[in-house]
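These notes concern the structure reproduced below.
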Amino acid sequence: MADNSLAKTIYLKDYQPPAFLVESLKLHFSLDQERTLVTNTMQLKRAPKVTNNPPLRLDGRQLELLRVTLDGNLLDSGRYSVDPEGLVIENLPTKFTLEIVTAVNPKSNTSLEGLYASGSMLCTQCEAHGFSRITYFLDRPDILTCFTTTIEAPQKKYPVLLSNGNLINKGTLAGDRHFAIWQDPFKKPAYLFALVAGRLTTLEDSFITMSGREVTIHFHVEEQNRDKCNHAITALKKAMRWDEEEYGREYDLDLYQVVAVDDFNFGAMENKGLNIFNSKYVLAQPESATDSDYEAIEGVIAHEYLHNWTGNRITCRDWFQLSLKEGLTVFRDQQYGAQAYPGGGRRIREVRRLRNFQFPEDAGPLAHPVQPKEYVEINNFYTTTVYEKGAEIIHMLQILLGKEGFKKGMQIYFDRHDGQAVTIEDLLNAMSDANDYDLGQFRRWYDQAGTPTLAITQSWHAQTSEFILSIIQNCSPTPGQTEKQPLHLPLAIALLNSDGNEQAATLAGELVPDSPGSRVLEIKDKKAEFRFQGWGCKPVVSLLRGFSAPVQITSNYDKKELAFLVAHDRDPFSRWEAIQKLALNKILNLMKDPEGSETDKLFIETFGILVKKKWSAAEADGASELLILPDEIYIGEQLNEIDPQAISKTRQTLRKTLAQRWQQELEALYNEHQSPAPYEPLPAEMAQRRLKNIALNYLAALGLKGPGLDLCRQQYLKADNLTDRLAALSGLLEIITAEELPELDEFYLRGKNNPLLKDRWFALQAAAQHPNTAQRVEELTRHPDFKRSNPNRVRALLGTFAAANQSAFHQPDGFGYQLLSREITTLDSSNPMVAARLAGSLSRWRRFSSPFSTLMREELEKLAALPQRSRDLREIIDKSLVTSQNDKLKKI
Ligand code: PHE
Ligand code: ZN
């Protein structure tokens, strides 16, 4: 059911500390699929600083209120008032006990927030405001209390009963019912509460912490998945060890539980001691998970575990501080991942993700600061800006303060704020105090939306042997922010001499030359100039090494210098960036010149050198990224107006040209990097598979007459793992239509009893680079396995189509947009969070050329005119359509 409550805006500046505190909370659940009874007994007291007698307002939505008792006395309904968002009681003593009994219907709860059914299980999702769909409570993260939870349920249907903390009692009851009592000794906000009940198998393992305590690990999954948990369990133990070694953080409870559920709105949730995971991010087996899935599982397992200190022990004061836990925890999981997967490709993939999703968000109508100042629906702010740009901000801090300085800051943060609900300011203060370092200007990164651009002019002065970098930083206006202040950022660079070696980049006036290698230039002002001395001839500068700041760079490189960097730069990012720039230049020239007089061969030759190179297993990961052409979305970002069809056509043409020119070499590359059987998800083997499959992908571009068809068919047949099978299938789908592809039907059958594999079957077709894809997606929305109640399935088909297949989605007749908007309309009445997320794909209509922009807008207007819209969808649509002041200044 759509949430039709008023769309009122919530502002950071209105934050008020709570007027009441919760001293303890006892929850009692009597579980039933259709009518669960919740008894909530809280001890409350007026906050010490409050001098008047304010009313108590408890949050609660879609609850059937049965009874309210104050200090043992039943209140009649005149003593309190109820509205769709909560319950208000006036005239309360300074200290009192409230008992509230409510009923909810988990089965009809399709929003997947609060208590809901997933398959035969019952589970909860409380972040950000799901708890208010379970019971009346002060549902805000700065209210921390100890939870004791009793769960009572039919024994047969729900043999396993779980909640946060430690199991303190269990037993049987009359009528084939049983109960379990869980107590969480750590104070926590309601958003970290969790409950799970179901028929689950438990896999047990254990971990000895740095102080020698034994922690029991329980993974609870459905019986058919018990053989798919090893990878995640191993990853969890690795992450636990890593946080001890890297940050001195030890796990605090004696039990760590993970549950896998099929229906889940996001990736996973860090509930205290009881993580709930989308099964996609736990379950892995070579037959049903790709290399990327294995890597992603390790990342999400680490992410949720690392939240125990950054998020749970130290939590957020309010939801404007979301990046305090998310940006920091993404940074920590990236740090963990960098040592687990040391190939150079990983950082590049992080950058690609940021550029393909976060940069466009930051340049569109939904742009917001990493610390938003206002929101209508907080669910809309679990964004790539808050998460990934937030992580980049922490990364910059680490560069500016140095690794040791950063660690010292984290130590102070943990020491000062353990057990508290704090702000981004508190984290920055800890960093600043630990290092005696002024972060006043740096803080703007949290307040200013938009991706800054650094225009870097290189100049060589032979007379004085000086190489000068002149830098101007700029940031385009974003909604509500026309004026931008200069940001403080680290620009990591190196200067390469003509042999390709790094030479000391000594600044004018510096006495002691710093050692060769990267050095960090601190940028603070709008304009800056750096003069490097003592050069016999012009050096080649390697810029933004390691992607030291989330900015766009333009610079006056000579194309030969870029090719030089591709050959010599030791920094994987900067080297990759050099070839991306060459490729981009080639693509943009081809787009300007569709007649084909563009004959520049430099990129094509540079590509050839890379294909011919003998890459070691250790280099394969970075190498595979070098061979991928700039993503379509990123190409679009470089243009004033995005013509998705022209971009796709040009990119495909170039892909084909490369494949034709280097066919033999690509075949050799393909043969050289066959990975050993049996399959193992080891980083070095993953890298080889990636490289091999990129070669295969180019060969598929040659179509029916090329070697791709046979190679794909053979690879499909002999594959002992999903990575190779999918790579083969996606090649085949480019060559042959889905209807004529027996392999596709074979693949479907493999997924018969495995929903995650079935998702792949849908996603594969939605991702196909084929003129029929949009039609096919439409047909698939009518497939009996297309379950709109399952977010993974929806994302597999519609998410892939609308967010990851630019050429298929942007049809010149608007077919793709109409399809999406119909689906959004349907989904909004069942799962607003998922619907609103899909709508994001239409939001950037202004950036597209005609007829695309008009057709996208038409669909947005239809959605705006819907009689019933969720608050989630309304916020996205309204922001997408609003004519902001900025539009007049610049087409954003
Ligand atoms: N807090 C979760 C994470 O990033 C994400 C999440 C948000 C999950 C809201 C569910 C609902 O780890
Ligand atoms: Zn998180």
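The values are calculated or read from the model by the stated rules, or taken from the named source; none is laboratory data. Since the model is a prediction, treat every value here as computed from it, not as a measurement. Using ideal geometry, Cβ is built from the backbone for each residue, glycine included, and neighbour counts are taken over all protein chains shown. Just the protein is used for accessible areas: all its heavy atoms, side chains included, with ligands, DNA and RNA removed. Shrake-Rupley method; radii C 1.70, N 1.55, O 1.52, S 1.80 Å.
The single condition among (1) in contact (Cβ under 8 Å) with a residue 24 or more places away in the chain; (2) surrounded by fewer than 19 Cβ atoms within 10 Å (Cβ to Cβ); (3) not in a loop (DSSP other than H, G, I, E, B) that S459 does not meet is (1).
Of all residues in segment 257-309, those that are in a helix (DSSP H, G or I), within 11 Å of ligand 1 (Cβ to nearest atom) and of a type in the set (D, E) total 1. Selection of first residues in segment 847-867 that are touching a residue at least 24 places away in the same chain (Cβ under 8 Å) and of second residues that are among the aliphatic types (A, V, I, L, M) and not in a helix (DSSP H, G or I), restricted to Cβ pairs under 6 Å at least 6 apart or on distinct chains, gives the following pairs, ordered by first then second residue: R847/I642; F848/I642. Selection within segment 367-383: residues that are closer than 20 Å to P477 by Cβ and of a type in the set (V, I, T). The member of this set that is nearest to ligand 2 (Cβ to nearest atom) is T383.
Only one of the numbered conditions (1) within 22 Å of T202 (Cα to Cα); (2) within 14 Å of ligand 1 (Cβ to nearest atom) is not met by L328, and that is (1).
When the strands (runs of 3 or more DSSP E) confined to segment 128-212 are screened for residues that are of a type in the set (K, R) and either in contact (Cβ under 8 Å) with a residue 24 or more places away in the chain or over 28 Å from W242 (Cα atoms) (or both), those reaching at least 1 such residues are found at 166-173, 177-183. Taking segment 433-447 as the range and being open to solvent by 10 Å² or more (accessible area, probe 1.4 Å) and under 23 Å from the mean Cα position of the chain (by Cα) as the test, the residues that pass are R443, R444, D447.
What do you reckon, is L691 touching a residue at least 40 places away in the same chain (Cβ under 8 Å), aliphatic (A, V, I, L, M) and either buried (at least 22 other Cβ atoms within 10 Å of the Cβ) or in contact with a Gly (Cβ under 8 Å, 6 or more places away or on another chain) (or both)? If you could, list the steps in order and put the result at the bottom.
Numbers: touching a residue at least 40 places away in the same chain (Cβ under 8 Å): yes; aliphatic (A, V, I, L, M): yes; either buried (at least 22 other Cβ atoms within 10 Å of the Cβ) or in contact with a Gly (Cβ under 8 Å, 6 or more places away or on another chain) (or both): yes.
Criteria met by L691.
Considering segment 351-369, the residues that are open to solvent by 20 Å² or more (accessible area, probe 1.4 Å) and within 16 Å of ligand 1 (Cβ to nearest atom) include one that is nearest to R690 (Cα to Cα), namely R353.
Looking across segment 259-270, the residues that are within 15 Å of ligand 2 (Cβ to nearest atom) and touching a helix residue (DSSP H, G or I) at 6+ places or on another chain (Cβ under 8 Å) come down to F264, N265, G267, A268, M269, E270. Kindly evaluate A338 against the criterion of being surrounded by fewer than 24 Cβ atoms within 10 Å (Cβ to Cβ), in a helix (DSSP H, G or I) and away from ligand 1 (no atom under 15 Å from the Cβ). Yes: the conditions hold for A338. Applying the condition of being within 13 Å of ligand 2 (Cβ to nearest atom) and crowded, with 24+ Cβ neighbours inside 10 Å to segment 284-303 and asking which residue is nearest to K752 (Cα to Cα) yields I301.
Taking P516, is it assigned to a loop (DSSP other than H, G, I, E, B) and crowded, with 22+ Cβ neighbours inside 10 Å? Criteria not met by P516. Within segment 127-136, the set of residues being within 16 Å of ligand 2 (Cβ to nearest atom) and either touching a Ser or Thr at 6+ places or on another chain (Cβ under 9 Å) or under 14 Å from L87 (Cα atoms) (or both) comprises G130 only. Return yes when G344 is within 14 Å of ligand 2 (Cβ to nearest atom) and of a type in the set (G, A, S) and no when it is not. Judged against the criteria, G344 is not a match. Within segment 704-720, the set of residues being open to solvent by less than 20 Å² (accessible area, probe 1.4 Å) and in a helix (DSSP H, G or I) comprises G708, C712, Q715, Y716.
When R313, R317 are screened for being open to solvent by 10 Å² or more (accessible area, probe 1.4 Å), more than 14 Å from ligand 1 (Cβ to nearest atom), in contact with a strand residue (DSSP E or B) (Cβ under 8 Å, 6 or more places away or on another chain) and modelled with pLDDT of 95 or more, only R317 passes.
Just give me the residues in segment 384-418 being in a helix (DSSP H, G or I), away from ligand 2 (no atom under 15 Å from the Cβ) and open to solvent by 40 Å² or more (accessible area, probe 1.4 Å), in sequence order. Break it down stepwise before answering.
Just the residues of segment 384-418 that are in a helix (DSSP H, G or I), to begin with: 384-417.
When the remaining residues are screened for being away from ligand 2 (no atom under 15 Å from the Cβ), the result is 392-393, 395-417.
Of everything in segment 384-418, those that are in a helix (DSSP H, G or I), away from ligand 2 (no atom under 15 Å from the Cβ) and open to solvent by 40 Å² or more (accessible area, probe 1.4 Å) turn out to be I399, K403, E404, K407, K408, Q411, I412, D415, R416.
Taking the criterion of being under 25 Å from the mean Cα position of the chain (by Cα) and closer than 17 Å to L543 by Cβ, no residue of segment 472-486 qualifies.
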